[in-house]
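The values are calculated or read from the model by the stated rules, or taken from the named source; none is laboratory data. Keep in mind the model is a prediction, meaning the values are calculated, not measured. Cβ atoms come from the backbone with ideal geometry, glycine included; neighbour counts cover every protein chain shown. For accessibility, only protein heavy atoms count, side chains too; no ligands or nucleic acids. Shrake-Rupley method; radii C 1.70, N 1.55, O 1.52, S 1.80 Å.
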Amino acid sequence: MQDGASLGIGLAELRIAIAGDLHGQWDTSDEQLLERLAPDALLVVGDLSDGNPRIPQRLAALPLPLACILGNHDAGRDPSGRTLRRQLELLGERHCGWGLRELRPPGLAVVGARPATAGGGFHLNRASQALFGPLSLEESAQRIVAAAAAADPALPLVLLAHCGPSGLGSEVADPCGRDWKRPACDWGDQDLALAIDRIRRHRPVPLVVFGHMHHRLKRGQGERRTYCRDRGGTAYLNCADVPRHGRDGQGRELRHFSWVVLRDGQPVELSHRWYGLDGQLLYQQTLHREAALEPC
């Protein structure tokens, strides 16, 4: 019998960096920072830019295990779907919308939700309809479930989405709460929520990561709640700290990554981190942390 090491699978502990909505903010400094941090994998939740091919090209050239999903902004202003198709072609197998990407190493199954979503229940914009054809909520959920069913059960499973699922709350500051228009409501994706429920009948879903709903709320309403865990044991992490490039009060350049540690397939540490360009961790918001078990 082969063990995990011989298969390139390291289930003991995985360190995952997650880039939230980029909106054009990705350059050499991010790539050099990742080289210093050396995470086991990188996940990207979409809205790379407004259809510019520069960032997909750079992501495709990264030498570390990567899975990505495109967001609504990645179609640009092109309803024909050609701009969206170009992004998909550049990312190749790294894009996992409605599909499975198994990263070996480090040993991680990433299943993508519906690509190019703008949230709000279930809606396909004109670019998505032109590229993917008409699709019902049920058909979309079935695609996500089928991708999860194809994943190696020995690998920890992460669902990667642009917008999170419905069901996480309808208040303005909830992970997918609408903040730009009154009244506040649940703006999550219904097909993703349906898929999660069905997948969990057959295997655990330890973690769902997404973005789209920015951390800083509109009209000065404060900050969004970016982490929660449901009764089924699934953790949900909104990674859209926008803008993810910035400066602190001392003038130091900052780069944001969300950070997850999986131990034996379960998320034991989740945080938002702001790094200096030299790799120094300058600020950290710890969302959840479990104590490590001491050896007997």
Exercise. Only one of (1) part of a strand (DSSP E or B); (2) without any contact (Cβ under 8 Å) to a residue 60 or more places away in the chain is not met by residue 219, so which one is it?
Worked result: (1)
Exercise. If residue 205 passes every condition in (1) hydrophobic (A, V, I, L, M, F, W, C); (2) crowded, with 19+ Cβ neighbours inside 10 Å; (3) touching a residue at least 60 places away in the same chain (Cβ under 8 Å) but one, which one does it miss?
Worked result: (3)
Exercise. Any idea which of (1) under 21 Å from residue 209 (Cα atoms); (2) over 17 Å from the mean Cα position of the chain (by Cα); (3) buried (at least 21 other Cβ atoms within 10 Å of the Cβ) is the one residue 73 doesn't satisfy?
Worked result: (2)
Problem set entry | Residues that are among the aromatic types (Phe, Trp, Tyr) and touching a helix residue (DSSP H, G or I) at 6+ places or on another chain (Cβ under 8 Å), drawn from region 102-160 | 122
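Within region 25-54, work out how many residues are closer than 20 Å to residue 82 by Cβ and either polar (S, T, N, Q) or touching a strand residue (DSSP E or B) at 6+ places or on another chain (Cβ under 9 Å) (or both).
So the answer is 5.
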Seminar exercise, completed: Considering residues that are in a loop (DSSP other than H, G, I, E, B) and either under 18 Å from residue 145 (Cβ atoms) or open to solvent by 30 Å² or more (accessible area, probe 1.4 Å) (or both), the number found within region 179-199 is 8
For this session: Go through region 97-150 and give me each residue that's among the aliphatic types (A, V, I, L, M), out of contact with any Ser or Thr (no Cβ under 9 Å at 6 or more places or on another chain) and in a helix (DSSP H, G or I).
Result: 137, 141, 144, 145, 146, 147, 148, 149
Exercise. Do we find a residue being out of contact with any Leu (no Cβ under 9 Å at 6 or more places or on another chain), among the basic types (Lys, Arg) and closer than 17 Å to residue 95 by Cα anywhere in region 58-66?
Worked result: yes
